[in-house]
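Written below as structure tokens is the structure these notes are about.
The values are calculated or read from the model by the stated rules, or taken from the named source; none is laboratory data. The structure presented is a predicted model; accordingly, all values stated were derived computationally and were not measured. Methodologically, a virtual Cβ is constructed for each residue, glycine included, from the backbone with ideal geometry; neighbour enumeration extends over all protein chains shown. These accessible areas exclude ligands, DNA and RNA; they are computed on the full protein's heavy atoms, side chains included. Shrake-Rupley method; radii C 1.70, N 1.55, O 1.52, S 1.80 Å.
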Amino acid sequence: MCIGFPGKIVSIDDNIAVIDISGTQREACLDLLPDEVTIGDYVLCHAGYAIQKIDEELAKEKLDFLKELIEHEIY
Amino acid sequence: MKYIDEYREPALVERLLRQIHREMDMIARPVGIMEVCGTHTMAISRCALRDLLPGPLRLISGPGCPVCVTSVEDVDRALAFAGIGNVMFITFGDMLRVPGTERVTLQRLRADGCDVRIISSPRACLSLAERNPGKNIIFMGIGFETTAPAVASLILTASARGLQNLSVFSVHKVIPPAMKMLLDDPVLCLDGFLCPGHVSIVIGGAAYGFIPGAGAAAVIAGFEPVDVLEGIMMILRQIRTGERKVEIQYARAVREEGNPRAREIMYSVFEPCDASWRGLGVIEASGLALSDKFRTFDARRRFPLPEIRSKEEPGCACGSILKGVMTPGECPLFEVRCTPEDPLGPCMVSSEGTCAASYTYRRGR
């Protein structure tokens, strides 16, 4: 039930955004977001609402670090 | 990045598994980790992760599915609301086949002519209420902290638009009090929690401070295989080193402070109340009731119901399965009399229920 999915914002009309999830488009209400978002941002959506903006920089940094640990045989 | 495929990469999965095996070798004793999110339960079963993990590492599914933890009394109340004349009863799809007393379901009521609708976003209630001014629209608000802000936002919008014919039957719950209860259970003896990723987007890491306080590990994890395995590995590292803290594996979505705006909206409409959980009983301050300010939107105050004598299905082990003290395979009804086509208990109905996950992927270890 708490299923959520990451989607990319393709348009915003007032407080409703259209988001793209691997080619499928859905509407998401932006009323619950703590920060401003713009077209191109990724948001995590649940039950028709965007509930958080995805931190792209942090995501990339963490994934790169994990890959680095593996590369250096630490994992 | 699309935030999906990158977290399913076989090479990463393989190395994380290797590291988990190493950690377990160093810990050298059995370890029990509970997940309290239906999406984790599904991810673990779908990817058959239990088959890949070391034997002494036990992944226990807890009360992570809001549909499954809904008490039979609340299911019976939903059925009673749906049966009132001139009512349109709206809910999320998973609720439709959950049996109440004597195995009556919303689906059966709908077949008998009651107006029962399914939606995927609470916002759909607005247009249904506006298009049907002569009907009383009752929405069953169900879900943890991930969903409750969305329903609170619906009520705020309905209030601003002056909608008079919409009300909410809230069975919303908050998860930390249930985790606290399970942590104190001497039978379960949990070493750590894989904390729910999407609930944590709203409540943040700080909400789990009681877990390290009680000597257990806590890691908030995402839902792809790399996320779940990295989360497990982080828990094992805490167990091995003796350090106890709340860590966030799912940092791309979860912040330490959570989503304060979503919480503010949630608590502007709801207030904590005692709630009855299937399998766990009544837990203090674990539910969300509409506050007095929004009483006109409270279905229970608007449509008082007569007393209902509720009774759970005899022999159904959902309560013990939700507590983590039984596995689906240990229930005598599982696969014999209780199947997804003809479910007797909620854990087999919901697509995120422990029994449904176990049945679907045949990994009921």
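Answer yes if at least one residue in segment B:124-138 is within 14 Å of another protein chain (Cβ to nearest Cβ), part of a loop (DSSP other than H, G, I, E, B) and not charged (D, E, K, R), and no otherwise. Looking for residues that are within 14 Å of another protein chain (Cβ to nearest Cβ), part of a loop (DSSP other than H, G, I, E, B) and not charged (D, E, K, R), one finds none in segment B:124-138, hence no.
Count of segment B:22-49 residues, restricted to those that are buried (at least 16 other Cβ atoms within 10 Å of the Cβ) and more than 9 Å from every other protein chain (Cβ to nearest Cβ), is 16. Screening the candidates A:CYS29, A:CYS45 for the property of being under 30 Å from B:ILE119 (Cα atoms), touching a helix residue (DSSP H, G or I) at 6+ places or on another chain (Cβ under 9 Å) and either facing another protein chain (nearest Cβ under 7 Å) or surrounded by 18 or more Cβ atoms within 10 Å (Cβ to Cβ) (or both) yields one hit, A:CYS29. Screening the candidates B:LEU52, B:LEU16 for the property of being of a type outside the set (Ser, Thr, Tyr), open to solvent by 10 Å² or more (accessible area, probe 1.4 Å) and in the same structural domain as B:MET181 (by TED's automatic domain parsing) yields one hit, B:LEU52. A count restricted to segment B:82-97 and to residues that are part of a helix (DSSP H, G or I) and over 14 Å from B:ALA124 (Cβ atoms) stands at 5. Among the criteria (1) more than 7 Å from chain B (Cβ to nearest Cβ); (2) at pLDDT below 95, the one A:VAL37 does not fulfil is (2).
Exactly one residue among B:GLY231, B:GLY213 is assigned by TED's automatic domain parsing to the domain that holds B:MET34, crowded, with 22+ Cβ neighbours inside 10 Å, without any contact (Cβ under 8 Å) to a residue 40 or more places away in the chain and farther than 27 Å from B:THR70 by Cα, and that residue is B:GLY231. For the residues B:ASP115, B:ASP76, the requirement of being assigned by TED's automatic domain parsing to the domain that holds B:PHE169, open to solvent by 20 Å² or more (accessible area, probe 1.4 Å) and among the acidic types (Asp, Glu) singles out B:ASP115. Mind checking which residues of segment A:48-69 are more than 7 Å from chain B (Cβ to nearest Cβ), under 24 Å from B:THR157 (Cα atoms) and hydrophobic (A, V, I, L, M, F, W, C)? Within segment A:48-69, A:ALA50 is the sole residue that qualifies. Once segment B:176-203 is narrowed to residues that are more than 18 Å from B:CYS65 (Cα to Cα) and out of contact with any strand residue (DSSP E or B) (no Cβ under 9 Å at 6 or more places or on another chain), the residue that is surrounded by the most Cβ atoms within 10 Å (Cβ to Cβ) is B:ASP185.
Of note, A:ILE74 does not satisfy the criterion of being more than 7 Å from every other protein chain (Cβ to nearest Cβ), within 27 Å of B:PRO66 (Cβ to Cβ) and without any contact (Cβ under 8 Å) to a residue 24 or more places away in the chain.
Beta carbons closer than 6 Å, at least 6 apart along the sequence or on distinct chains, pair a first residue in segment B:81-106 that is more than 16 Å from B:GLU313 (Cβ to Cβ) and modelled with pLDDT of 95 or more with a second that is open to solvent by less than 40 Å² (accessible area, probe 1.4 Å) and of a type in the set (Asp, Glu) for B:MET88/B:ASP115. Only a single criterion out of (1) under 20 Å from B:PRO272 (Cα atoms); (2) assigned by TED's automatic domain parsing to the domain that holds B:ALA217 is not satisfied by B:PHE169, namely (2).
Selection of segment B:17-48 for residues being within 26 Å of A:GLY7 (Cβ to Cβ) and part of a helix (DSSP H, G or I) yields B:GLY38, B:THR39, B:HIS40, B:THR41, B:MET42, B:ALA43, B:ILE44, B:SER45, B:ARG46. Residue count for segment B:151-171, restricted to those that are surrounded by fewer than 24 Cβ atoms within 10 Å (Cβ to Cβ) and under 22 Å from B:SER200 (Cβ atoms): 1. Does segment B:286-299 contain at least one residue that is assigned by TED's automatic domain parsing to the domain that holds B:MET140, basic (Lys, Arg) and open to solvent by 40 Å² or more (accessible area, probe 1.4 Å)? Looking through segment B:286-299, at least one residue is assigned by TED's automatic domain parsing to the domain that holds B:MET140, basic (Lys, Arg) and open to solvent by 40 Å² or more (accessible area, probe 1.4 Å).
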